[in-house]
Amino acid sequence: MKLTKKAVVIAAAISLGLSLAACSGTRGETPPQSASNEATAATGGFEAGSTIGVSLPWLGTQNWKEAETQFATALTEAGYKPIVQAADNKVPQQQSQIEAMIESGAKVLVVAPIDGKQLGTVLEKAKDAGIKIIGYDRLLENTTAVDAVTQYGSIETGRVQGEALLAGLAERKGAGPYNIELFGGGPADPNAPNFFTGAMEVLQPKIDDGTLVVVSGQVEFTQVATAEWDNATAQKRMESLLAGNYQDKKIDGVLTPNDGIARAILTACEDAGQDIPVVDGLDAEDESVVSIWEGKQYATVAKPTPELIAQTMVLIQALQSGAELPPPTSTANNGKIDVPLYELTPVVITKANAKQAFADDPAKLELLK
Amino acid sequence: MKSIKEIFGGDLRQYTMVIVLIALIVGFHIASGGRMLTPSNFQNLLSGNAYVLILAIGMMMVIVIGHIDLSVGSVAGFCGMVVAICARDLGLPWWGAALVGLLLGVAVGAWHGFWLAKVGIPGFITTLAGMMIFRGGVIWISNSISIPAPDELRFFGSGSLPEWGPDTGLNNSTLLLGIIAIAAVAWLQLNGWNKAKRTGSQTPLWTVITRVVLLCAVIGYAAYLYGSGLVGTSFPVPGLILVVLVIVYHIVTERTAYGRHIYAVGGNKAAAALSGVNVPKTYFLTMVNMSFLAALAGVMFVGRATSAGPSDGVNWELDAIAAVFIGGAAVSGGIGTVVATMVGGLVMAVLNSGLMLLGVGSDKTQVIKGLVLLAAVAFDVYNKRQGKKSIIGHLFGNRESGKPESPDAASSSAVPGAKELPTQ
């Protein structure tokens, strides 16, 4: 009796499970939505007004905040439904956000990775769903799921930074030799080593011929990198460099990979009682534009966000209409495949050309007063 | 109304968070236009949060013994990085590298356990040190550069179970799991009822059957949801690992001597010691277990991310701690269960997923998650202090006395942080 009761219940439970299972039937070879994706992608494009996902690393620096608002505006104006999200510099958060964008039926994903190597699984999921993937500002590495990357040439950016540093030293510090220090960006960002490589292409010959002296002797990227691009980390490193190597020396210049780090280094030098060294930067952040105008920071390298977004929009429009992508400026191997790169050339901004460079940007012009 | 209580058994208060969880899922499903309850979203939900939930199991036990482990994120990141380096630079096969990572986790746990149990340094401080040591360690051994992980690990981090057998319209592996789960639940419930009857319990059979049917409906629906995704997808492998761990740790904490010891030590260390519990041993094992689970979470995350990064694991400890407290654990120790912790973790995961589906930014998501944590714990504390029933209790007119915990033990959790370090 006991056994039969038990058996009845188990049987009932199992049949319930099976009946639930049996009422499926929606499970095709591929889901209807992505099936149509792939079909249309093959024959050309996708519906105008589709959802476009934009995944940004964080909003902690001005260029990303600008990208967030400008992407939303540009995509809305072009008639798309934008989902623009930033991930607070946390890789798992970015992975989940991209998955949510896939869920939301995005046709194109624009991805600016926190760490270019850590999105493999989710990007392949997107690719399997027929979604096109555009890397924005940083290379997507270690995956086959990337269709194009738009960015400012990162080696070129580094070269421009190196040249700006040399020009600044000649302008402000008279004849050499100059005492300099080197800083790199966040190693997890695939651009950071490239910036450094580009800059060293310009600076290494001058170090070799004695025009530049790296007093601390730290010239390897792993020695000079600034984890997470963190300003406070850079400031601490500069303070200890000054305390350790510059008790009886003057520092003339510092290679700085971005504006935040440049300002941190200026602060560290002021605190140590040094004259302001020549520093360059990146991104033309408002605070640095003011600093340049006041004659402190020597230069910044601008990678104007509107131009990069315009470039990305060209690619999205081409994907939408189903046309071939325009020819890339170059390709880069990301560890798995050769990725087409669409690169723009950055602009150096110093006090001398600031007004002219920002002629079309009333918000920045406002700062130059 | 009394019958509803009989069906669910015990105190309805413990179901508050379950109901919150269901309400969140349904609410987000409606608000997002039907994008929440989809196979792929739920697959993502489990693969994307399995690592936090696994950490939360260990963290629950650490919190129950009255300590806290701040190092789990760093340990997870460190072990994940070691796995990637072993595979790439030492040429170990993927399983060898993963094994090294897990053993390293045990070793790290023994290190923490040594300082906590033998030297008597509070867990908060021991693991704060561990957090720095192992975060620095990750950056050191990796030169702050991400390192690709063996491809095979992806199976554990985001893989699916195989397809086989006849075309049932579902993933057959998932279907099989569902049937096993349903059979197990039915057997356990009826067995329990039989045992209880022999010891004189008056619970009628129909309440047990209703409970079994309800549980089976939930499991059946879950099996259907997970099984009906794209061909090639199933109940995710990290989810399966999690379920196995939940079952194992549920049994360990509820049915073994060690399990009783951690609650005894956390509830009243002196009394536990006097009644013969080996307190240092309990501390030691709990810390070893925590770091082992951290290593496992780290390896699974590396599998999902396809490479190990220098900032893997930052703030994971806080996510795990939040899950434990939303699950109703007490800051003073002695209270908390594996299943409630999982519900707490899932509340956070569903919130995160739902807000992302709605396109809410990470800034506002953080604010909302913070408020939910505070509200969940405040609600719990309020209930315990007032000796009142939860909203659910009121709804169902549950007139019986509350949980066995004394009001003192409960109200001490009203001041989070005040008693993080138990007196030595």
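Can you confirm whether B:Asn289 is assigned to a helix (DSSP H, G or I), at pLDDT below 90 and within 21 Å of the chain's Cα centre (by Cα)? It is false that B:Asn289 is assigned to a helix (DSSP H, G or I), at pLDDT below 90 and within 21 Å of the chain's Cα centre (by Cα). For the stretch A:66-75, the criterion of a residue being in a loop (DSSP other than H, G, I, E, B), at pLDDT 90 or above, buried (at least 24 other Cβ atoms within 10 Å of the Cβ) and at negative phi is satisfied by no position. Among the residues of the stretch A:262-301, those that are hydrophobic (A, V, I, L, M, F, W, C), closer than 16 Å to A:Ala357 by Cα and at pLDDT 90 or above comprise A:Leu282, A:Val289, A:Val290, A:Ile292, A:Trp293, A:Ala299, A:Val301. Residues in the stretch B:351-361 include none that are under 15 Å from the mean Cα position of the chain (by Cα), among the small types (Gly, Ala, Ser) and surrounded by 24 or more Cβ atoms within 10 Å (Cβ to Cβ). Scanning the stretch A:206-221 turns up no residue that is among the acidic types (Asp, Glu), assigned to a helix (DSSP H, G or I) and at positive phi. The residue list B:Ile54, B:Ile63 contains one member that is under 19 Å from B:Gly344 (Cα atoms) and within 14 Å of chain A (Cβ to nearest Cβ), which is B:Ile54. Answer with yes or no whether A:Gln118 is at the interface with chain B (Cβ under 7 Å from one of its Cβ atoms), in contact (Cβ under 8 Å) with a residue 12 or more places away in the chain and either surrounded by fewer than 21 Cβ atoms within 10 Å (Cβ to Cβ) or touching a Gly at 6+ places or on another chain (Cβ under 6 Å) (or both). In short, yes.
Of the residues screened, A:Leu139 is not one that is among the aliphatic types (A, V, I, L, M), within 11 Å of chain B (Cβ to nearest Cβ) and in contact with a strand residue (DSSP E or B) (Cβ under 8 Å, 6 or more places away or on another chain). Take A:Lys206 and tell me if it is modelled with pLDDT of 90 or more, surrounded by fewer than 17 Cβ atoms within 10 Å (Cβ to Cβ) and away from chain B (no Cβ under 14 Å). Judged against the criteria, A:Lys206 is not a match. Considering the stretch A:91-115, and only residues there that are among the charged types (D, E, K, R) and within 7 Å of chain B (Cβ to nearest Cβ), the residue that is nearest to the chain's Cα centre (by Cα) turns out to be A:Asp115.
Within the stretch A:249-276, being of a type in the set (A, V, I, L, M), in a loop (DSSP other than H, G, I, E, B) and under 13 Å from A:Val215 (Cβ atoms) holds for one residue alone: A:Ile251. Against the conditions (1) surrounded by fewer than 17 Cβ atoms within 10 Å (Cβ to Cβ); (2) in a helix (DSSP H, G or I); (3) within 13 Å of chain A (Cβ to nearest Cβ), B:Ile179 satisfies every one except (1). Scanning the stretch B:135-156 for residues that are more than 7 Å from chain A (Cβ to nearest Cβ) and under 22 Å from the mean Cα position of the chain (by Cα), we see that the one that is farthest from B:Ala295 (Cα to Cα) is B:Phe155. Taking the criterion of being within 15 Å of the chain's Cα centre (by Cα) and either within 11 Å of chain B (Cβ to nearest Cβ) or in contact (Cβ under 8 Å) with a residue 40 or more places away in the chain (or both), would at least one residue in the stretch A:157-180 satisfy it? Within the stretch A:157-180, one or more residues are within 15 Å of the chain's Cα centre (by Cα) and either within 11 Å of chain B (Cβ to nearest Cβ) or in contact (Cβ under 8 Å) with a residue 40 or more places away in the chain (or both). Of everything listed in (1) within 22 Å of B:Thr306 (Cβ to Cβ); (2) buried (at least 22 other Cβ atoms within 10 Å of the Cβ), the single unmet condition for B:Pro148 is (2). Does B:Val314 satisfy the criteria of being more than 30 Å from A:Pro190 (Cα to Cα) and either outside any helix (DSSP H, G or I) or without any contact (Cβ under 8 Å) to a residue 40 or more places away in the chain (or both)? So B:Val314 fails the test. If a residue must be farther than 18 Å from A:Asp259 by Cβ and more than 11 Å from every other protein chain (Cβ to nearest Cβ), how many such residues does the stretch A:217-235 contain? Within the stretch A:217-235, residues that are farther than 18 Å from A:Asp259 by Cβ and more than 11 Å from every other protein chain (Cβ to nearest Cβ) number 3. Pairing residues of the stretch B:45-68 that are on the phi > 0 side of the Ramachandran plot with residues that are buried (at least 24 other Cβ atoms within 10 Å of the Cβ) and not in a helix (DSSP H, G or I), at Cβ distances under 6 Å and at least 6 apart in sequence or on separate chains, gives B:Gly66/B:Gly333.
Taking first residues from the stretch B:210-239 that are facing another protein chain (nearest Cβ under 10 Å) and partners that are surrounded by fewer than 22 Cβ atoms within 10 Å (Cβ to Cβ) and of a type in the set (Phe, Trp, Tyr), the Cβ contacts under 9 Å between residues at least 6 apart in sequence or on separate chains come to B:Ala222/B:Phe42; B:Leu225/B:Phe42; B:Gly229/B:Phe42. Once the stretch B:122-156 is narrowed to residues that are outside any helix (DSSP H, G or I) and hydroxyl-bearing (Ser, Thr, Tyr), the residue that is nearest to A:Glu124 (Cα to Cα) is B:Ser146.
Taking the numbered list (1) assigned to a helix (DSSP H, G or I); (2) among the β-branched types (Val, Ile, Thr); (3) away from chain A (no Cβ under 11 Å) in turn, B:Thr203 passes all entries but (1). Within the stretch B:157-173, the residues that satisfy the criterion of being more than 9 Å from chain A (Cβ to nearest Cβ) and assigned to a helix (DSSP H, G or I) are B:Asn172, B:Ser173. Residues considered: B:Val265, B:Val302. Of these, the only one that is more than 26 Å from B:Leu103 (Cα to Cα) and surrounded by 24 or more Cβ atoms within 10 Å (Cβ to Cβ) is B:Val265.
The values are calculated or read from the model by the stated rules, or taken from the named source; none is laboratory data. Everything numeric in this text was worked out from a predicted model, so none of it was measured. Cβ sites come from the backbone with ideal geometry, for glycine too, and all protein chains shown count toward neighbours.
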